[in-house]
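Asker: After the structure tokens below, expect a handful of questions from me.
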Amino acid sequence: MMTNLFSVFDPSTSVMNLSLNWISTILGLTLIPSTYWFLPSRYHLAWNKIMLTLHNEFKTLLGPTGHNGSTFIFISLFSLILFNNFLGLFPYVFTSSSHLTLTLALALPLWLSFMIYGWINHTQHMFAHLVPQGTPAVLMPFMVCIETVSNVIRPGTLAVRLAANMIAGHLLLTLLGNTGPSLSYSILSLLIIAQLALLALESAVAIIQAYVFAVLSTLYSSEVN
């Protein structure tokens with residue numbers, strides 16, 4: 001009997017006490033060489049178009065003060081999250097992006113590096129960010145506290161947003177799927193249609209959440225310059 005509703009998402013496959021579920025995170029590396037077998041393939045052209053669009057958008061968000069080539073960090077981040085989100089839609093494949101272990105490991109080092117770089121190189125600029133323009137003198141101490149808290153919880157909100165959105169759809173699919181054996185054929189057909197609709201919604205969520213994570217990381221980076 002399942003003791004915890006979320007236990008279905010726990011890593012369970014292991015050989016010699018090594019969890020093999022997390023191998024799904026690096027399976028994308030096996031697809032990279034195939035893009036160079038036939039050049040230019042349709043897949044290669046489509047992916048290049050997506051990357052170029054993201055590069056232009058991230059470059060706009062970073063502004064003129066952004067370092068050259070820094071957009072590729074966020075494009076790589078988007079690609080990694082997108083691949084893991086989509087991989088989790090396949091049956092019996094572990095969704096690594098639904099765990100805080102992965103999402104926090106992506107968000108925390110990024111945020112920490114931005115903060116260290118900003119406070120060392122642009123200290124006055126970082127202090128100015130703690131007090132929004134036009135704040136009355138009476139409210140300044142409170143605004144500093146509020147801005148500090150909102151800044152500190154940024155990696156947590158990034159990580160929880162991605163993990164929660166990914167696990168919510170999978171949890172709904174699991175709950176609906178478990179009711180299938182006890183249903184009649186007429187209701188079962190409706191359940192299959194609902195599952196397909198949810199799967200399409202989850203595909204959209206997989207793209208949107210990867211995009212949101214990358215865009216917010218880019219915005220946090222642009223604030224330290």
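Any read-out appearing in this document is the output of simple, stated calculations on the displayed coordinates, not a laboratory observation. Being a predicted model, the structure only gives us computed values, none of them experimental. Neighbour counts run over all protein chains shown; Cβ positions are idealised from the backbone, glycine included.
Asker: Take residue 42 and residue 108, extend 7 Å from each Cα along the Cα→Cβ direction, and tell me the distance between the two endpoints in nm.
Answerer: The answer from the label model is 4.4 nm.
Asker: Output wanted: per-residue J couplings in Hz (rounded whole) for the range 193-203, from phi through Karplus 6.51 cos²θ - 1.76 cosθ + 1.60, θ = phi - 60°, x for Gly and Pro.
Answerer: Computed from phi, the couplings for the range 193-203 are 4, 5, 5, 5, 5, 5, 5, 5, 5, 5, 5 Hz.
Asker: Here's another thing I want to ask about it. Would you mind getting me the FRET efficiency between residue 55 and residue 139? Use the beta-carbon distance for r and R0 = 45 Å, nearest 0.05.
Answerer: 0.65
Asker: Expressed as a whole percent, how much of the Cα-Cα distance distribution for the range 77-208 exceeds 23 Å?
Answerer: Numbers: 4577 of 8646 pairs.
Of the Cα pairs, 53 percent sit more than 23 Å apart.
Asker: If I take all pairs of Cα atoms in the chain, what percentage of them are more than 28 Å from each other?
Answerer: Numbers: 11409 of 25200 pairs.
Distances greater than 28 Å cover 45 percent of the Cα pairs.
Asker: Taking only Cα atoms and a 10 Å spring cutoff, compute GNM fluctuations for the chain and point out the largest among 126, 143, 51.
Answerer: In this elastic network of the chain, the residue with the biggest mean-square fluctuation among 126, 143, 51 is 143.
Asker: Let me ask another. Could you tell me the center-to-center distance, by alpha carbons, between the range 126-167 and the range 95-113 in angstrom?
Answerer: 19
Asker: Each residue of the range 70-78 in order: what ³J(HN,Hα) in whole Hz does its phi give by Karplus 6.51 cos²θ - 1.76 cosθ + 1.60, θ = phi - 60°, with x for Gly and Pro?
Answerer: Couplings: 5, 5, 5, 4, 6, 5, 5, 4, 4 Hz.
Asker: Now for a separate question. With charges only on Cβ, +1 for K and R and -1 for D and E, what is the dipole size of the chain about its Cα centre, in debye, rounded to 20?
Answerer: Values: 5 positive and 5 negative charges, 59 e Å.
My answer is approximately 280 debye.
Asker: Now a separate question. Enumerate the calculated ³J(HN,Hα) couplings along the range 114-127 in order (Karplus 6.51 cos²θ - 1.76 cosθ + 1.60, θ = phi - 60°), each rounded to whole Hz, writing x wherever the residue is Gly or Pro.
Answerer: For the range 114-127, the Karplus-derived couplings read 4, 5, 4, 4, x, 6, 7, 9, 9, 4, 5, 5, 5, 5 Hz, x marking Gly and Pro.
Asker: Another one. Scan the chain and hand back the longest stretch that contains none of the chymotrypsin sites (Phe, Trp or Tyr not before Pro) lying in DSSP loops with at most 14 other Cβ atoms within 10 Å.
Answerer: Details: sites that count: 37, 38, 92.
With a cap of 14 other Cβ atoms within 10 Å, the longest stretch comes to 93-225.
Asker: Follow-up question, since we're still on this one. Could you check the simple spin-label distance between residue 121 and residue 212, using points 7 Å along Cα→Cβ, in nm with one decimal?
Answerer: 3.0
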